[in-house]
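Novice: Sharing a structure here in structure tokens format.
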């Protein structure tokens, strides 16, 4: 879905697909992408941008997933987080089976517009399909070489995923 | 580099490459990956995991980039952020040309170990190659359909990228 040619160091003419205006292609410079105010997402070969959801209250990263053009448009339109599941190859609304909807307080794009950061109000007890508030419940000790033993951090389960997700939704992440 | 087979909903036997122990392949279950304390990164077809760097003081997302096995190992070993540049196809240490090193205070992995979250102390005035503290200096208004006009947020430049980066390092992001 990405018709854009990877930019060089100069402002080369590029083709890219706009998720938003649904214009099949348009000429855009690196300057327009980085300094402009048009939403010009740089989708990868699979038509996806990376999406990082942080908890608007704590600042913690809740999850990292992906959005295709439709998920990004729906997130902007509805103010609730939609993603594209790479494993299930389908659009999904966060919380569609669990009820753990993410209300988006702010959506930002990065300099080259291949990543989206959403600050969310996480409804319900958590975002992670394993039953935790955040997907990032393990840390790697630093300053080590060789084999690394992770350590649990904020890893207590806040809900029972078997009670919340149906079998087909057991892996709702991207 | 990823020898892992995408898991189903059951604990299927999988093959994956450990960045850390450098074991060519090992059998690992979904339970081990999600609930275990072994670092078993799920590299994509290009040998990369997504890396999100947040400012340990403000909680803001500074940048989203990628790490290959070597970048991840070097980050863990040195406590400073290393990435793999997809555009330049090379390992790079954040700050190697700008001096804007990221001291890692904590490194976490997500449930399926295909994403890393590092909380960093950002040395120098900023992380973004455009001269801002964060790469996420534009927001999309919510509740809109059709064409979206971004708005600048915390977009003041904190340094002159032309003075900091050499021509070959002008696009140091992943």
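Novice: Taking a label point 7 Å out from Cα toward Cβ, give me the nm distances from residue A:141 to the same spot in the other copies, shortest first, one decimal.
Specialist: Between copies, matching label points for residue A:141 lie 5.2 nm apart.
Novice: Take every residue in peptide A:129-142, count the Cβ atoms of other chains within 10 Å of its Cβ, and give the average of those counts.
Specialist: Partner Cβ neighbours, averaged per residue: 6.
Novice: Can you classify the stretch B:116-162 as rounded, prolate or oblate using the Cα gyration tensor, where a ≥ b ≥ c are the square roots of its eigenvalues, rounded means a/c under 1.5, and otherwise it's prolate if a/b beats b/c and oblate if not? All intermediate terms of the calculation are to be shown ahead of the outcome.
Specialist: Numbers: a/c = 3.38, a/b = 1.73, b/c = 1.96.
It comes out oblate by the Cα gyration axes.
Novice: So, one more: How big is the stretch A:14-157 in terms of Cα radius of gyration and Dmax, in angstroms?
Specialist: 16.9, 50
Novice: For residue B:58, which inter-copy label distances result when the label point lies 7 Å beyond Cα on the Cα-to-Cβ vector, reported in nm to one decimal and in ascending order?
Specialist: So the distances to the same position in the other copies read 2.2 nm.
Novice: Next question, about the same structure. Rank-order B:51-60, B:133-142 by packing density, defined as the average count of other C-beta atoms within 10 Å over each peptide's residues, highest first.
Specialist: Details: B:51-60: 19.3, B:133-142: 22.1.
Going by the mean number of other Cβ atoms within 10 Å, highest first, we get B:133-142, B:51-60.
Novice: From the label point of residue B:87, set 7 Å from Cα along Cα→Cβ, how far away are the matching label points in the other copies, in nm, ordered shortest to longest?
Specialist: Ordered by distance, the counterparts are at 3.2 nm.
Novice: Look at the axis of the rotation that sends chain B onto chain A, then give the chain B residue with the nearest Cβ and the distance in whole Å.
Specialist: Residue of B nearest the axis onto A, distance in Å: B:59, 1.
Novice: Normalised by the number of residues in the stretch A:14-157, what is the relative contact order in percent for Cα pairs under 8 Å and 6+ residues apart?
Specialist: About 19 percent, as a whole number.
Novice: Taking Cα centroids, how far is the stretch B:120-141 from the stretch A:51-129 in Å?
Specialist: Computed from Cα coordinates, the inter-centre distance equals 21 Å.
Novice: Please give the average number of partner chain Cβ atoms lying within 10 Å of the Cβ of each residue in A:146-155, rounded to a whole number.
Specialist: Across A:146-155, the average partner-chain Cβ count within 10 Å equals 5.
All of the numbers you see were taken from the coordinates with simple rules; none came from a lab. The structure displayed is predicted, hence computed values, not measured ones. Because the Cβ atoms are built from the backbone with ideal geometry, glycine has one as well, and the counts that use them run over all protein chains shown.
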